[in-house]
Each structure stands twice: as C-alpha cells, then as structure tokens.
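A.B. asks: I'd like to ask you about the structure that follows.
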Amino acid sequence: MVEARGVVERLVIGEKALTTLQGGVAGLVSTSLAWVRQEPKECERTVERSKKKEVVDRLHEVFEATHVVIVARYTGMTVAETADLRRQMRAAGAGLRVAKNRLAKRAIEGTAFGEIVPLLKGPTAIAYSIDPVAAAKVAVGYAKKNDKFVVVGG
C-alpha cells in the first residue's frame, strides 16, 4: 500500500478493497476489513475541538443574553421548512439554533436555563428571544401548522 498523508478510505468488495487516498490517488489492495476511514492527524483534532469551544462560547452568550429558551424536535423537517421557521423567528425578534446536545448542555452551564438540560435528547432545535413571548409564540404557531415540529418545553 502507498504511504500518504491525510485521510485514507477503503471500500471492501469481497477480498479486494479499493483504497482512495486524499488527492485522488487510488489502488487495489487485499483486505478483509469493511469500509474504513482512518482517524485524522492529532493537529486536525485540536482544530475541531477549538471549533467546538467557539460553538459553546457563542451558545453560552446567547443563553446569558436571552430571556426565554424553547426546546423542540424537528425530525423530518425539510431544509425549506426549517428556513421558513428561521425567517419567522427573525421577523419576531427571536432566533433558532440547532446544535449538538452535548455542546448545548455545556453552554447552558452557569445560566438560568439549567432546567432544560433533560429535554436535550434526540434532534433538538433551540428557539430563543429577549422578548419573553416572541420565541414561544412563533414556535407554538409553527408547531400547529407543521406536525414535524414539536415543542418539548422551555
């Protein structure tokens, strides 16, 4: 096998595997492994962690500045439906974020919204606003029109 830097992907077909190296180089190797993706180099992982830290910091700022947070499920919504909901939220002076639950839980630490942590399971959207009723009004109104958007709590 050719030694190369970057990501190596293999697709197994019986005893043979097609190996694709980052940069377009390909070769056929013998293996019994299934689809394999090598882990990125250590320096690439630290970049990812720093991006996660930025997401947590931005969410923490949102949670500190807002007065209401609504947690909802959005399973099955299309991109167009989500964009429409975001537009409605912005028009009402609210916002809608989708973030990994683990990152959202870390961002909530030290804010007044610690009670919503148990609600962060599965695919969740977080609606927020400084106005105590804006996000809730839009979220409940949208949930009435779209069965795929379900308000869980807040």
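A.B. asks: Within segment 78-94, track down each residue that is in contact with a helix residue (DSSP H, G or I) (Cβ under 9 Å, 6 or more places away or on another chain) and within 28 Å of A112 (Cβ to Cβ).
C.D. replies: If the condition is that a residue be in contact with a helix residue (DSSP H, G or I) (Cβ under 9 Å, 6 or more places away or on another chain) and within 28 Å of A112 (Cβ to Cβ), then L85, Q88, M89, A91, A92, G93, A94 are the ones that fit.
A.B. asks: Which residue is nearest to the chain's Cα centre (by Cα), if the candidates are limited to segment 76-101 and must be modelled with pLDDT of 90 or more and of a type in the set (S, T, N, Q)?
C.D. replies: This residue is T82.
A.B. asks: Give the number of residues within segment 59-81 that are in contact (Cβ under 8 Å) with a residue 12 or more places away in the chain and within 18 Å of S129 (Cβ to Cβ).
C.D. replies: Filtering segment 59-81 down to residues in contact (Cβ under 8 Å) with a residue 12 or more places away in the chain leaves 59-60, 62-77, 81.
Next, from what is left, pick out any that are within 18 Å of S129 (Cβ to Cβ): 59-60, 62-72, 74.
Number of matching residues: 14.
A.B. asks: Another question about this same structure. With respect to the numbered conditions (1) modelled with pLDDT of 50 or more; (2) surrounded by fewer than 10 Cβ atoms within 10 Å (Cβ to Cβ), which one is the sole condition not fulfilled by G14?
C.D. replies: Condition (1) is where G14 drops out.
A.B. asks: Still on this structure, please answer the following. Just name the residue that is nearest to the chain's Cα centre (by Cα) out of those in segment 113-143 that are free of Cβ contacts under 8 Å to residues at least 24 places away in the same chain and more than 16 Å from D84 (Cα to Cα).
C.D. replies: By that ranking, first place goes to K121.
A.B. asks: Right, another one. Does segment 119-131 include one or more residues that are over 17 Å from G154 (Cα atoms) and crowded, with 19+ Cβ neighbours inside 10 Å? Give the derivation first.
C.D. replies: Taking segment 119-131 and keeping what is over 17 Å from G154 (Cα atoms), we get none.
No, because not a single residue in segment 119-131 is over 17 Å from G154 (Cα atoms) and crowded, with 19+ Cβ neighbours inside 10 Å.
A.B. asks: Of the residues in segment 87-103, how many are under 16 Å from V133 (Cα atoms) and surrounded by 11 or more Cβ atoms within 10 Å (Cβ to Cβ)? Steps first, answer last, please.
C.D. replies: The initial filter retains those residues of segment 87-103 that are under 16 Å from V133 (Cα atoms), namely 88-96.
Next, only the ones that are surrounded by 11 or more Cβ atoms within 10 Å (Cβ to Cβ) stay: 88-90, 92-96.
Residues that pass the stated criteria total 8.
A.B. asks: Further question on the same structure: Counting only residues that are assigned to a helix (DSSP H, G or I), of a type outside the set (A, V, I, L, M) and farther than 22 Å from F149 by Cα, how many does segment 97-126 have? Walk me through how you get there before you give the answer.
C.D. replies: Start the filter on segment 97-126 by keeping residues that are assigned to a helix (DSSP H, G or I), which leaves 101-108, 114-119.
This time we only want the ones that are of a type outside the set (A, V, I, L, M), so: 101-102, 105-106, 114-115, 118.
Those left that are additionally farther than 22 Å from F149 by Cα: 106, 114.
Total meeting the criteria: 2.
The values are calculated or read from the model by the stated rules, or taken from the named source; none is laboratory data. Keep in mind that what you see is a predicted model, and the values were worked out from it rather than measured. Using ideal geometry, Cβ is built from the backbone for each residue, glycine included, and neighbour counts are taken over all protein chains shown.
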